[in-house]
Each structure stands twice: as C-alpha cells, then as structure tokens.
Amino acid sequence: MATLKGRAEFSRFMQQLPDEMRKVLRGAGRAGATVIADEAKARCISEEVRDSIKTAVRSSEDRVDAKIQTKGQGAYLAPWVEYGTDPHFISVDESQREGMSVGRINKLHAAGTLVINGHFVGTTVHHPGARPHAFLRPALDIKEGEAIAAAQNYINARITRSGIVGAADPEGEE
C-alpha cells in the first residue's frame with residue numbers, strides 16, 4: 001500500500017497560498033504603477049504637483065487595485081495642470097471684505113488678494129486661463145506596455161516551480 005508523506009506541510013502551504021499570492025499581486029501592481037508614476041513625474045511641468053504624485057495599492061478578497069494619484073501638498077493643482085483652466089474673473093468676495101477695500105485687504109494679508117508681481121491690480125482681474133499640460137493620461141498611454149512588463153517581471157521573479165520565493169511583501173506607499 002502506498003503511503004503519503006508531507007500531507008500536513010502541503011496542506012499548510014495550500015492554506016497560505018492565497019495570502020502569499022495576494023502579496024505578490026500587490027507588489028506586481030505597485031511595480032506597474034511605479035513605471036507610470038515615474039513617467040507622469042517626468043512629464044509634469046509643476047514641481048508642486050510632481051511632488052504630490054504617489055502610488056497606492058489596495059487589495060480585497062477578489063481584487064488588487066493599483067493607482068497613481070496626487071496626494072498631499074500641491075495635489076489641488078493637478079486638475080488645473082492636466083486639463084487647463086478657462087478664462088475667468090478673480091475678485092474679492094463681498095462676504096470676505098468685512099467693509100474693507102481691496103487695497104486694504106492686500107495690505108493686511110501678506111499673500112495679497114489682487115496683487116500681481118507686487119502691483120495692485122484693482123478689485124477684479126481677468127485671468128486669461130491656462131493651457132492644459134496633460135501628464136497623467138499620456139504617462140499611461142506611453143508606458144502601459146512597460147508597466148505590464150514590470151508587473152509580469154515582478155511575478156516571474158517571485159513565483160517558481162518550488163513555490164513563492166523572496167520577499168513577496170509589497171513596499172509601503174510612496
């Protein structure tokens with residue numbers, strides 16, 4: 001009669017496999033997202049926005065999501081850089097004046113409400129808008145294949161015939 005050895009070890013291995021695979025897939029997602037984030041940073045014309053570009057990976061029972069996002073200081077500027085702005089008027093809201101003139105507001109606040117290059121420009125100024133300088137979408141379009149290859153290389157480096165090797169734990173958020 002045939003005997004089976006290693007049944008307990010095999011059973012333990014099979015129970016751990018989903019968690020270990022999830023770690024590998026998270027790492028693969030991060031590897032691919034990093035390729036696109038690096039390209040987005042290279043294409044971005046704003047240093048503040050560039051510094052806010054981050055990657056994040058989240059996993060659930062049946063899914064691993066990797067994303068490139070702008071987060072933190074400077075992130076609020078990203079949509080204006082990516083899509084541009086329409087021409088618009090800038091003025092001091094009446095509810096914020098507290099009875100003061102725009103000139104008085106400018107003198108009291110170091111940032112200067114309607115001061116451009118150190119010169120008072122009046123109660124209202126017309127901003128001509130800003131041209132778009134897309135950096136996120138072109139990064140994805142250009143680096144999609146390279147990102148997929150980076151994810152595949154991450155997986156290939158960690159999964160062998162003998163099992164999952166190396167540190168499968170993905171890195172922390174950037």
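The values are calculated or read from the model by the stated rules, or taken from the named source; none is laboratory data. Since this is a predicted model, take the numbers as computed values, not measurements. Note that we place each Cβ from the backbone using ideal geometry, even for glycine, and neighbour counts take in every protein chain shown.
Could you list, in sequence order, all residues of region 25-50 that are of a type in the set (Val, Ile, Thr), surrounded by 16 or more Cβ atoms within 10 Å (Cβ to Cβ) and closer than 15 Å to Glu82 by Cβ? The answer is Ile36, Val49.
The sole residue among Ala31, Ala56, Ala66 that is in contact with a Phe, Trp or Tyr (Cβ under 9 Å, 6 or more places away or on another chain) and not charged (D, E, K, R) is Ala31.
Scanning region 44-59 for residues that are closer than 11 Å to Thr70 by Cβ, part of a helix (DSSP H, G or I) and out of contact with any Cys (no Cβ under 7 Å at 6 or more places or on another chain) yields Glu48, Val49, Asp51, Ser52.
The rows are residues; the columns are (1) over 21 Å from Val57 (Cβ atoms); (2) at pLDDT 95 or above; (3) of a type in the set (A, V, I, L, M, F, W, C).
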site	(1), (2), (3)
His133	yes, yes, no
Leu140	no, yes, yes
Gly145	no, yes, no
Ala150	no, yes, yes
Arg158	no, no, no
Ile164	no, no, yes
Ala167	no, no, yes
